[in-house]
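Novice: Sharing a structure below in structure tokens format, with a few things to ask.
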Amino acid sequence: MYEYLIAVFAYIFIYIILVVSLNLAFGFTGLVNLGHMAFFGVGAYASALLTLHGIPWYIALPASGLIAGSFGAVIAAITVRLKGDYFQIVALGLAFIAIAVSRNWISLTRGALGLPGIPDIIKNNFYYMLFLFAVALLSVVFLYWLTNSETGKIFQAIRDDETAAAVLGKNTYLYKVLSITISTFFAGIAGSLFAHYISFIDPTIFDLEFFVIILAMLIVGGLASISGSILGVTVISLLLSAISFVFTNISPELIGAMRQMLLMLILLLILIYRPRGMFGKVDV
Amino acid sequence: MMLLLRNVSKMQRIFEHARKSNRKNKNAILSISDISKSFGGVKAVNKCSFEVKENTITSLIGPNGAGKTTVFNIISGLAKPDAGAIRLEKKNIAGMPSYRIAQSGISRTFQLTKVFRNLSVRDNMLIAKKTNDEEIKKVLKGVYFEKSLDTIASELSYGQQRLLEIARALLMPHKLLMLDEPTAGVNPRIRQELRAILKNLRKEGKTILLIEHDMEFVMDISDRVIVLNEGRVLREGRPKDIVKDKRVLEAYLGK
């Protein structure tokens, strides 16, 4: 039970980084980056490969953020000129490219076999959870500061009306690339923390199912609200974990299906009764 | 001696001429020459040329579809001209991205108001210029905007949003202000306020390019009127000459 709770909170802190960073692009800048998980996966693979090749974690962790962020910057530079739906489709396409690469670049990723034996950052799970808490706290504080800064207000202005921001002298293209770069940097950090926690990654890390959970957490918490994202992650994580306790004598496969049903139910209720999510500042 | 005097008077004439032409050049803040823009097969703007002089209000009028808003979009960089030059003072700005044109000193509003819906009044203003509450309040007061700075823009009425948008355009440092139908779609009270605002701006000596449908108002406030029809300048002149022009009446009312 104790170990299980530690695991639940460890995941909560990783998800907080992931969801808050997605909120920066989606909620604050209006860039619906459906490929966010690809950058989480890139961070996880980068950190795994670096540490498996003997590079210490304290270099691998920031490096995986930088690698994911650099990919984000390049891809954003090419795609953010696309309007609305087209950007989303291209971003989603990215996720599929990431899956294909991780499955087929066998010499690097070992394909579907995955990468086992990723070294721990901290052996003791409780202390690692505290470490995750600290990183999540730092990320949240930074992103909170950013979204309230002049740059953050420009992100939000672009989300509300890009043309109006442009005729007020703002280079909207650069700001959008910047938003995606920062957002994917933190996705990479979350990926790295995740890889070192579970010590094994394979291409299923890019699965859309996983992204649906992240998206649900974001929407339930509310767009353009950092406290909303934290609450969304916590509420959904706790509810999904509670299922395992309530139905102790059900087979694990059924639990998985029940989790998805519960998730969709929560999402449906929120979208009907609170379309802006719990703390959302803008419409979905 | 005579020769010397003749030379002096000749010199004077040359200086006088130079001074006049210099004033003429200095006066034109914006000069547009032969801009064209087609959408598919439709020529929305067809070799259009005109000037906007310093400290004047110039109005663009013309029937629906005459190309007025397209001209605005070309000047502010939201549409790229197929041909032609646009000079802001001496700088050619044709084809530059809109944010750089804005930075060069052209501020504008839109026919359908574009405020940042989810931002407060204060944040809307701060996007235009980094400044303090005092200056923001002063500009807002100048356009008779009376809501608190913390109000979220989407909670304002359409008329108030229009005032906020004009205030925002005024706050951004600019040489030329372009207003696209500021009095369209607002209630009569705000319409009156907008007229008063424009009159005040005229007194302050602002340089304004205006699109407006209310002829009485246009004739009252403008220094110059440019009539567009089918993407071309049909007639250009002082308001009192324009109202008498047959071709203008025909373009508006049909033959």
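The values are calculated or read from the model by the stated rules, or taken from the named source; none is laboratory data. It should be emphasised that the depicted structure is a prediction, and the values quoted were computed from it without experimental measurement. Heads up, the Cβs are rebuilt from the backbone with ideal geometry, glycines too, and the neighbour counts pull from every protein chain shown. Note: accessible area is taken over every heavy atom of the protein model, side chains too, but ligands, DNA and RNA are not part of it. Shrake-Rupley method; radii C 1.70, N 1.55, O 1.52, S 1.80 Å.
Novice: Over region A:2-207, what percent of the accessible surface lies on carbon and sulfur atoms, probe 1.4 Å?
Specialist: Looking at region A:2-207 in its full context, I get 72 percent from C and S.
Novice: Among DSSP beta bridges whose residues both lie in the protein assembly as shown, state the antiparallel percentage, nearest 5.
Specialist: Expressed as a percentage, antiparallel bridges in the protein assembly as shown total about 60.
Novice: Let me know the shape class of chain A, please: from the alpha-carbon gyration tensor, a ≥ b ≥ c as square roots of the eigenvalues, rounded when a/c is under 1.5, otherwise prolate if a/b is greater than b/c, or oblate.
Specialist: Oblate shape, in that a/c is at least 1.5 and b/c is the bigger or equal ratio.
Novice: Quick one: 3J(HN,Hα) in Hz for region A:90-98, Karplus 6.51/-1.76/1.60 with θ = phi - 60°, rounded, Gly and Pro as x.
Specialist: 5, 4, 5, x, 4, 4, 5, 4, 4
Novice: Right, something else. Set the Förster distance to 41 Å, then compute FRET efficiency between B:Lys43 and A:Ala7 from the Cβ-Cβ distance, nearest 0.05.
Specialist: 0.05
Novice: While we're looking at this one, here's another question. Would you tell me the accessible area of B:Arg117, worked out with a 1.4 angstrom probe on the heavy atoms of the protein chains, in Å² to the nearest 10?
Specialist: My reading of the accessible area for B:Arg117 is about 120 Å².
Novice: For chain A, give the magnitude of the charge dipole about the Cα centre (Cβ charges: +1 Lys/Arg, -1 Asp/Glu; no others), in debye to the nearest 20.
Specialist: My answer is approximately 320 debye.
Novice: With a 1.4 Å probe and all protein chains kept in place, how do A:Phe40, A:Phe279 rank by accessible area, largest first?
Specialist: Correct descending sequence by accessible area is A:Phe279, A:Phe40.
Novice: Under unit Cβ charges (Lys, Arg +1; Asp, Glu -1), what dipole magnitude, rounded to 20 debye, does region A:141-248 have relative to its Cα centre?
Specialist: Taking the Cα centre of region A:141-248 as origin, the dipole is about 240 debye.
Novice: While we're looking at this one, here's another question. With θ set to phi - 60° and the Karplus curve 6.51 cos²θ - 1.76 cosθ + 1.60, what are the ³J(HN,Hα) couplings of region A:225-240 in order, to the nearest whole Hz, using x for Gly and Pro?
Specialist: Ordered by residue, 3J(HN,Hα) equals 9, 6, 5, x, 4, 4, 5, x, 4, 5, 4, 5, 4, 5, 5, 5 Hz.
Novice: Between A:Leu137 and B:Ser33, what is the spin-label point distance in nm, taking each point 7 Å from the Cα along the Cα→C-beta axis?
Specialist: Modelled inter-label distance: 6.6 nm.
Novice: For labels at A:Ile97 and B:Arg100 in the simple 7 Å Cα→Cβ model, what's the distance in nm?
Specialist: 2.8 nm
Novice: Still on this model: At a 1.4 Å probe radius, which order do B:Lys206, B:Lys90, A:Lys83 fall into by accessible area, largest first?
Specialist: B:Lys90, A:Lys83, B:Lys206
Novice: Follow-up question, since we're still on this one. Can you send over the solvent-accessible area of A:His53, 1.4 Å probe, protein chains only, in Å² to the nearest 10?
Specialist: In the full protein context, A:His53 sits at about 140 Å².
Novice: What is the set of long-range amide H partners of B:Arg108 at a cut-off below 5 Å, with H atoms built 1.01 Å from backbone N?
Specialist: Residues meeting the criterion, in which the H sits 1.01 Å from N, are B:Met178.
Novice: Then there's this: Summing -39500 (n - 2.57) over the DSSP H runs of n ≥ 4 in chain B and dividing by its residue number, what mean residue ellipticity at 222 nm do you reach, to the nearest 500 deg cm²/dmol?
Specialist: Calculated at 222 nm, the ellipticity per residue is -13000 deg cm²/dmol.
Novice: Could you do me a favour and compute the accessible area per residue for chain B, 1.4 Å probe, result in Å²?
Specialist: Spelled out: the 1.4 Å probe surface of chain B, per residue, equals 52 Å².
Novice: Out of A:Gly232, A:Gly169, A:Gly30, any idea which swings most in a Gaussian network model of chain A, alpha carbons joined below 10 Å?
Specialist: A:Gly169
Novice: Can you give the FRET efficiency for A:Ala242 and A:Leu108, using 1/(1 + (r/R0)^6), R0 = 45 Å, r = Cβ-Cβ distance, to the nearest 0.05?
Specialist: Step by step, r from the Cβ atoms, then E = 0.70.
Novice: Please turn the phi angles of region B:164-176 into ³J(HN,Hα) values with the Karplus equation 6.51 cos²θ - 1.76 cosθ + 1.60 (θ = phi - 60°), one per residue in order, whole Hz, x for glycine and proline.
Specialist: Couplings: 4, 5, 5, 4, 4, 5, 6, 5, 5, x, 8, 9, 9 Hz.
Novice: I would also like to ask the following. Need one number: the % of Cα-Cα pairs in the protein assembly as shown sitting beyond the 47 Å mark.
Specialist: 30 percent
Novice: Now a separate question. Taking the Cα centre of the protein assembly as shown as origin and charging only Cβ (+1 Lys, Arg; -1 Asp, Glu), how large is the dipole, in debye to the nearest 20?
Specialist: 3180 debye
Novice: Farthest toward the dipole's positive end in the protein assembly as shown, which of A:Ile99, A:Ile75, B:Gly95, given Cβ charges of +1 (Lys, Arg) and -1 (Asp, Glu) about the Cα centre?
Specialist: B:Gly95
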